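All of the numbers you see were taken from the coordinates with simple rules; none came from a lab. Worth saying up front: this structure is predicted, and the values here are computed from it rather than measured. Cβ atoms come from the backbone with ideal geometry, glycine included; neighbour counts cover every protein chain shown.
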Amino acid sequence: MISTNQLLRIVTWNFFRNLSNMKMKSFTFVVFYICFHIHQTQAELHCHCGGNKPNPFCSSDTCTVEGKGQCYHHIQKMPESGNIYESYGCFTEGTLRSSPFVCKPSTSEYLVQTCCNDEDYCNGEPIFLPPPETTVPEKSGLTSSHQATIISSVAGILLILVVVIFVLVKRRSTIKDPLSSSGSNGSSLSIKEGYVTDNKVSSEFDDWSSGSGAGQPLLVQRTIARQVQLQEVIGKGRYGEVYRGKWRGDENVAVKKFSSRDERSWFREAEIYQTVMLRHENVLGFIAADNKDVGTWTELWLLTEYHENGSLFDYLERTQVDQAGLFKLSISITSGLEHLHMEFLGTQAKPPIAHRDLKSKNILVKKNGECAIADLGLAVRHDSQTDTIDIPLNNKVGTIRYMAPEVLDETLNMRHFDSFKRADIYSLGLVFWEIARRADVGGQALEYELPYFDAVPNDPSVEDMRAVVCGKKQRPTAYPLWEQNDCLRGVYKIMCECWYENCSARLTALRVKKALKKLQDEEGIKIV
Ligand code: ADP
Ligand code: MG
């Protein structure tokens, strides 16, 4: 009788030797990889250690790991000499965290790497592969028909296993960690100097992450997330619900929960929030992302600072604003957008970011009356060195009502990053209009309404919006009340400069901010 390990070794060897098809090879080792990863945790795991060349990490022919450590088995074929080197050993949890690719199936036809933790010494026996000329069957005394039977039955069993295992462990094994990925612009946590937060969890988080340099942001984020108890639902969006949570029993945080179906969106939003130098008082403060197994599914959490006033949409529905409030809201939103759009060069480089879904529901109102731009799930970043845009891996492109004319008629030049910024400015103009309606002019304010409320049906289609915005070239109107007020007349003029049809004629965020500040000074409005 041959042992499981011998059988495995024979199959590995034969696939390695006989399969010229890269895809099949990769597939086979994906199968091996998955099979060996079913049981993720084990108190203590013993592995074979050694290889057919000196392995400096083995003090004897066995090694031991704890927790989520794994046994590994690497086979490498030297392209020139054809020599095959095998090595066996242990990967500690720490090694796997810092080098997550050492257990991934190799894409090179010269390297096979497998890891396992399902049983002690699961990484094969330290009997080394023969040189390429010698065949294993001859050595083990198996005939070629035996070999074929064994290979086909094992392959068949593996195939069935794959289907079952994929279904069972799909989410566990495929959910990536946005916190350990480097992202196109380096996703290490970075705290902007001078960023002030009145939120305890954020400041504690800042201390941890800045104090420890690169540190272990993943662990810090996990630790925080796992100290949060969900309270009530505070919002509902595209991907799921947003909750108020209590961190360590007393500090409020917001928890945006994604279903595991929307794993990409969760990953993307966490990745964007961790763009170097992103933090700003007018951009929602990111705290942590966590993916945790809850029985048979995975919960994906994104923790941010909590703002009890809720979204600008909710705030305007229930509150009127005075002129100082109007400027405070509008200037702070513009500052947040200017910060997103801006590129910083140098060691702490920040890529320019376009939001692509700016609207009153994606802007939060802070206690101090300023705003914070939220929901960065559809944002895109620009890499000016390669002039590339990292378009997110989903096909949603924003909210139809707020789409710029060039988005509606699909003439937006996707290869030009400024196009995305200009589309944001169009949406910003619509948000100003929503705020202006709620401004108290001589004791009167208009009711809250969404932009184009009088021109399109509820939940308008792209065709509805296109007919109004591109066809009739209609824009939200000014009200007679505004004509009599210098301040609102001025704000309306700025809005109009944000929603020109010709996107290159629109103001930039910096220009909008300057225009608003100038108007505020001219009107002698003091913001406290
Ligand atoms: P989605 O991507 O699903 O649209 P959002 O991030 O826009 O989710 O959040 C949906 C709603 O949840 C917001 O409109 C707002 O009302 C509420 N919300 C989100 N984040 C916070 C927060 N940090 N503080 C308070 N309310 C929030
Ligand atoms: Mg949203």
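Please arrange Ile353, Ile157 by counting, for each residue, the other beta carbons lying within 10 Å of its beta carbon, fewest first. Write down the numbers at each step before the final one.
Numbers: Ile353 27, Ile157 11.
Placing the least packed residue first, the sequence is Ile157, Ile353.
Past 31 Å, Cα to Cα, is the threshold; run Lys236/Lys518; Lys256/Lys518; Lys359/Lys517; Lys257/Lys517; Lys493/Lys526 against it and keep the listed order. Going by Cα-Cα distance, Lys236/Lys518; Lys256/Lys518; Lys257/Lys517 fall outside the 31 Å limit.
How long are the three semi-axes of the equivalent ellipsoid of the range 447-501, in whole Å, if each is the root of 5 times an eigenvalue of the C-alpha gyration tensor, listed from largest down? Please report the intermediate quantities before stating the final value.
Working: eigenvalues 111, 38, 12 Å².
Listed largest to smallest, the semi-axes of the range 447-501 are 24, 14, 8 Å.
Residues Cys58, Cys122, Cys71 in ascending order of nearby Cβ atoms (within 10 Å, fewest first): Cys58, Cys122, Cys71. For the range 298-348, the alpha carbon positions stretch 43, 37, 13 Å along the principal axes, listed from largest to smallest.
Residue exposure proxy: His355, His382, His74, ordered by other Cβ atoms within 10 angstrom of their Cβ from fewest to most, comes out as His74, His382, His355.
Between Thr223 and Leu161, the modelled label-to-label distance comes to 3.8 nm, taking each label 7 Å out from Cα in the direction of the beta carbon.
So if I take the centroid of the Cα atoms in the range 419-482 and the same for the range 298-376, what is the distance between those two points in Å? The distance from the Cα centre of the range 419-482 to that of the range 298-376 comes to 19 Å. Look at the Cα gyration tensor of the range 424-528: its axes a ≥ b ≥ c give a/c of at least 1.5 with a/b at or below b/c, and that counts as oblate. Computed from the alpha carbon atoms alone, the convex hull of the range 371-425 holds 100 Å³ per residue. Across the range 276-379, Cα-Cα pairs more than 21 Å apart make up 42 percent of the total.
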